[in-house]
Amino acid sequence: MEIVSKNHLSVVTGSINMNLILCICLMGIVSLTAAQTRVKCFGNNKGRDKTGIILDCSNMAGKSHPYSIEDWIRYHAFYDDGIPSNRVLHINLENNNLKEIFTLPSMTSLKKLSFKYNNISSIANKALTNLPALEELDISYNSLNSHVLHESVYRNYERPNVPATNDGPALKILKLGYNNIHSLPPNFFQYLTKLEMLELNNNPLSVIDQNTEISLGYLTNLQVLDLANTGISDFPTNTFSQLFNVQTLYLNGNQFQNIPKEIRNMPLAYLNINANPISNLDSESFVGLDQLQELIVSGMPYLTDVGCGTFAPLKKLTTLHMSHNPSLSNIHYDAFVDNTSHQWSLRQLSISYTNISSIDSKLYPWSMLDLFDAKGNQWTCDCSLSWLASFINETFSEVPEKLLYYRCNEPKNLYGTLVSQLNEHIDCHDYFHVSNNHSHGHVTRFRHFIIVMGLVIGIFVFGSLINMGCREIKKGLKPKIYVPSGFSTGVKYRLADFEEDTDTLKVSAKTTTINGRSPIVINNTD
């Protein structure tokens, strides 16, 4: 369930009619300029088509026909059934239990070819060399392995030791997902320099070996790369050093424990890294990805913490999906900013079904979001969540049924209570609320630093004054000793070890002299 702000709803509502009119006009233009005729496999066209033809040969397995699908396409379709080969734009061969990609006849107009959902484990030599206009090839959901991938599949050599007559098809989209590919031959993409989208998802790659690395290095025009569910845990250094144009990258369902640094060379606008065993995200996780606009970090069973400044490097981030992370319990209130900048580009935030029990009001200027989704969390309903109650009440004013997805889990006396009704059950008037100006954490930390330093200095000065006062008092209380003129100080007498220890010992002034003089006796009994 998504939460859309009122501003966003009004914009959408106000533009529906205009968008509808534009769509109708565009559909009319497309229907007039790009009309296509769909012909079912083993059907008879008799040349009636004047524009483009789609040959639909899907789901033919088990049906009885006088000849095979391969024979019909290679011969009968164009000679017996009147289908002009130079008008075929798309051939669909899905779900036919085919074992091999057969050699197709010359079709200079064919742009899209699909062998999806078959049981293909081999490719005929020169199978695609007669399709110079082919832009999209889908051979996903088959049984292909690395050994059947050769450049001769699409590159036409007329004679040995003679250069090819063409550099291969104008292929832009190649879908190889859901096969049994462990590695890519080093020269497989050498002549597919126009390729813009490559799907290798759900193949048992496990690692990017040297051959695969060399092969990917030829794809300098690649814009979309799908490596989802391939068992990869890291990338060799400089793996993607030649992929200067990749904007969309799928790494979901792999074994990464950290965001790989090797992807920083790509000008990524979209990154999906769902379902990886990453335990925390911090300020180093997304360094270098300053072009990223959409980030998917959902479905991570071990993700517990999103630290300070995690998303600060993402200066253009507009959409963040961070849902279905069952262990995620903490998002730092400065996750979107660092000490030098505020970054408020985000417009869509999804943090539903996590272990989050509270959200700091300082995390984001919430009124700037067009979409907010935090349903399914176990909320602790106290004054720190008072702002959320006010926010969702205002946001859901036109869709109040969405309030039902936000309920208190703690404390027990509020269990099951709607978060939207929180302020009716507790008094938070004296609780500090963050203003709409969104005074953020680093300013607060600076203020705290000044206060602490002032206290330390004050204590030091106060302590010094007390110490000085104590010294003066002690000096005033110390007994004064009178010393007659001619003596520098009083005489201090220490008993010898053999002398008697008595406090009442008196020295006779008449019988005892020191150098002919009577000693001075000092009695300090105070």
The stretch 275-434, relative contact order [Cα under 8 Å, separation at least 6], %: 16 percent
Most to least accessible of PHE78, PHE286 (protein chains only, probe 1.4 Å): PHE78, PHE286
Tell me the label-point distance for the pair GLN293, THR108, using the 7 Å Cα-to-Cβ offset, in nm and rounded to one decimal. 3.8 nm
Using 7 Å Cα-to-Cβ label points, what is the TYR270/LYS63 separation (nm, one decimal)? 3.4 nm
Full extension between ASP282 and ASN355 adds, at 0.36 nm per residue less the Cα distance, a length in nm of 24.4 nm
Over the stretch 185-230, with neighbouring protein chains present, the accessible area per residue in Å² at probe 1.4 Å is 37 Å²
Relative contact order as a percentage, the stretch 170-218, C-alpha pairs under 8 Å and 6+ apart, gives 50 percent
Inter-centroid distance (Cα atoms) of the stretch 395-417 relative to the stretch 94-113, Å: 55 Å
Measure off, as a whole percent, the carbon and sulfur share of the 1.4 Å-probe accessible area of the stretch 337-431, all protein chains present. 46 percent
List the residues whose amide H sits under 5 Å from the amide H of THR37, counting only those 5 or more places along or on another chain, with H placed 1.01 Å from N in the peptide plane. GLY52, ILE53, ILE54
Net lengthening on full extension, VAL452/GLN255 (0.36 nm per residue, minus Cα-Cα): 66.4 nm
So, with a 1.4 angstrom probe, what is the percent of accessible area on the stretch 85-132 that is carbon and sulfur? 42 percent
Fully extended contour minus Cα-Cα distance, from ASP305 to ASN180, at 0.36 nm per residue: 41.4 nm
From the protein chains alone at 1.4 Å, what is the descending order of accessible area for LYS261, LYS40, largest first? LYS261, LYS40
What are the residues whose amide H is under 5 Å from the amide H of SER122, where those residues sit 5 or more places off or on another chain and H is modelled from the backbone? ILE101
R0 = 22 Å: FRET efficiency of ASN330 with GLU394, Cβ-based, nearest 0.05? 0.25
Solvent-accessible area of THR318 with every protein chain in place, 1.4 Å probe, in Å² to the nearest 10: 50 Å²
To the nearest 10 Å², what's HIS425's accessible area with a 1.4 Å probe? 100 Å²
Roughly how many nanometres apart are two label points built 7 Å out from the Cα toward the Cβ at CYS428 and SER367? 1.7 nm
Give me the 1.4 Å probe accessible area per residue for the stretch 235-375, excluding ligands and nucleic acids, in Å². 38 Å²
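The values are calculated or read from the model by the stated rules, or taken from the named source; none is laboratory data. These numbers were taken from a predicted model, which means no experiment stands behind them. Cβ sites come from the backbone with ideal geometry, for glycine too, and all protein chains shown count toward neighbours. For accessibility, only protein heavy atoms count, side chains too; no ligands or nucleic acids. Shrake-Rupley method; radii C 1.70, N 1.55, O 1.52, S 1.80 Å.
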